[in-house]
Amino acid sequence: MSDRDFIYVCRPQLPEADAIAGYLRTIDARRLYTNRGPLVNLLEERLAREMDASRHSVLTTSSGTSALEVAILAHAGLATPERPLALIPSFTFAATGLAIERCGYKAHFVDIDPGTWAVDPAPLARHPRLSEVGLIVGVAPYGILPDIAGFEALQQDTGLPVVIDAAAAFEQVVTIPAPVSDTVPLSLSFHATKTFSTGEGGAVIWGDRPGQDRVTQVSNFGFFLSRECKVAGTNAKMSEYHAAIGLAMLDAFETRKRDYAAVTRSYEEAAEGRDLGGRLHLPGRVSSAYALFEADTAEGFLTAEAHLLERQVETRRWYEAGQHAQPHFSAAPADPLPVSESLSARLLGLPMAHDLSPADVLHIVNSLAEAATRARPRPVMQG
């Protein structure tokens, strides 16, 4: 195959120039470019309506990572010498661990539930290092929301602040009834690779109005109703230009959702009745930004990864081997992580895009089936 035929794992497409032009002209006319301008406010209002949430429940930020950082600072504050630890899953993207470090915390990695891929909040209330913990971070892996009510109860029972890194969970927050918590903030990413994007950006979703006032303060150098820096803060404000992209994307988002649903059906139809050496996890369970292949074995994973590349299909180890295996975090304390390690060694990101063709999907699934045949042990000949 030529390079033109190569199927990339992720090919984002933001609104085209003509779709954004009208919003850009309002920026030109107003000469307001940042510092919570009118387009940012309009985007937040529209997002709150999409989530059927109160207007104050949505505050945008300059990135998904900054959304997590300001949510932590607004809810938990900086780490203290008495409680320096943050309990976080290893099964997540590196941004989770880096964000807690920026707020002064040290990671202690915990394992995930094999069914939900997320941390089960209930056992954390009995964690042996709880007296050293100042923060608990739950994660929505691949957009799968964790047990929000369970985390609310954990926070209530322990008195420890909980924040949810829900980077890829925009669709789930929009579609699942009452996901917006009054007590536990969620952070979203609007990076170009996500299904809803502002190019680069994010948001804190939280029903607590005083808490969101603190998010506003932390996002603006610690300023609130004055130019005095009163708390630990940063510059995490979304620009008007990024808000323009988000507004244009919202204008056409229903079409984008239908396109993703069609690609998902193509995967389902291509895989029906096939022995792939594992199972697919598709939008509906995960964010539409992902199509995932969970191999039955680590050996099957490696065979599939290699064979797909041979067949000109790019794949991705989205979470690599887990945060605990990243060089920067290798010295961090951790619980035993058997589920995280097993799943990380078997979970492969497949190509997903709103305009991925049925022919490309069929080629991907056929390649997985070929890999499964390669990986299957050959019968021993008797004679």
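The values are calculated or read from the model by the stated rules, or taken from the named source; none is laboratory data. On a predicted model such as this, the values are computed, not experimentally measured, just so you know. Cβ coordinates were reconstructed from backbone atoms using ideal geometry, including for glycine residues, and neighbour counts include every protein chain displayed. Surface areas here come from the heavy atoms of the whole protein model, side chains and all, with no ligands, DNA or RNA. Shrake-Rupley method; radii C 1.70, N 1.55, O 1.52, S 1.80 Å.
Over the chain, all Cα pairs binned in 20 Å intervals from 0 give whole-percent P(r) values of 28, 55, 17, 1, 0, listed from short to long. Considered as an equivalent ellipsoid built on the Cα gyration tensor, the range 131-209 has semi-axes of 23, 13, 11 Å, the largest given first. With one equal scatterer per alpha carbon and no solvent term, the Debye-computed log10 I(q)/I(0) for the range 287-383 at 0.15, 0.16, 0.20 1/Å reads -0.69, -0.76, -1.00. State log₁₀ I(q)/I(0) for the range 102-239 at q = 0.09, 0.12, 0.16, 0.19 Å⁻¹ as given by the Debye formula over alpha-carbon point scatterers of equal weight, solvent excluded. Rounded to two decimals, the profile gives -0.30, -0.53, -0.94, -1.25.
For the range 301-318, backbone phi angles converted through the Karplus equation (6.51, -1.76, 1.60; θ = phi - 60°) give residue-by-residue couplings of 4, 5, 5, 5, 4, 5, 5, 4, 5, 4, 8, 6, 10, 6, 10, 8, 8, 4 Hz, Gly and Pro being listed as x.
In terms of accessible area, using a 1.4 Å probe and ignoring ligands and nucleic acids, ASP360, ASP296, ASP165 rank largest first as ASP296, ASP360, ASP165. Across the range 136-187, the relative contact order, built from alpha-carbon pairs under 8 Å that are at least six residues apart, equals 42 percent.
Highest mobility in the GNM of the chain, judged by mean-square fluctuation with C-alpha springs under 10 Å and restricted to THR61, THR158, THR92, is found for THR158.
The heavy atoms of ARG346 offer some 40 square angstrom of accessible surface to a 1.4 angstrom probe. Given 10 °C and 1.306 mPa s, how large is the Stokes-Einstein diffusion coefficient of the range 1-121 in µm²/s, with Rh as the Kirkwood radius over Cα pairs? In µm²/s, the coefficient rounds to 86.
Put simply, the amide H of GLY278, placed in the peptide plane, has neighbours under 5 Å in ASP296, leaving out anything fewer than 5 places away on its chain.
If you wrap the Cα atoms of the range 101-146 in a convex hull and average its projected area over all directions, you get 3.8 nm². Placing pseudo-labels 7 Å out from each Cα toward the beta carbon at ALA325 and GLU254 gives an inter-label distance of 4.4 nm. Per residue, the chain exposes an accessible area of 45 Å² to a 1.4 Å probe, with every protein chain left in place.
In the chain, a dipole from Cβ-located charges (positive for Lys and Arg, negative for Asp and Glu) runs towards its positive end, and of TYR267, THR195, HIS307 it is THR195 whose Cα lies farthest in that direction. If you sort THR26, THR264 by accessible surface, 1.4 Å probe, largest first, the order is THR26, THR264.
Among TRP206, TRP318, the sequence by solvent-accessible area, most first, with a 1.4 Å probe is TRP318, TRP206.
Note on THR373: accessible area is roughly 90 Å² with a 1.4 Å probe, heavy atoms of protein only. Taking the Cα centre of the chain as the origin, how large is its charge dipole in debye, to the nearest 20, when only Lys and Arg (+1) and Asp and Glu (-1) carry charge on their Cβ atoms? My answer is approximately 660 debye. Along the chain, the exposed loop sites are GluC sites (Glu not before Pro) outside DSSP states H, G, I, E and B with at most 11 other Cβ atoms within 10 Å, and the longest stretch free of them is 83-227. Once Lys and Arg get +1 and Asp and Glu get -1 on their Cβ, which of ASN41, ALA125, GLY207 lies farthest toward the positive end of the dipole of the chain? Comparing the listed Cα positions along the dipole, ASN41 ranks first. Placing +1 on the Cβ of every Lys and Arg and -1 on the Cβ of every Asp and Glu, with nothing else charged, gives the range 15-94 a dipole about its Cα centre of roughly 260 debye. Entry note, the chain: relative contact order of 22 percent, from Cα contacts under 8 Å with a spacing of 6+ residues.
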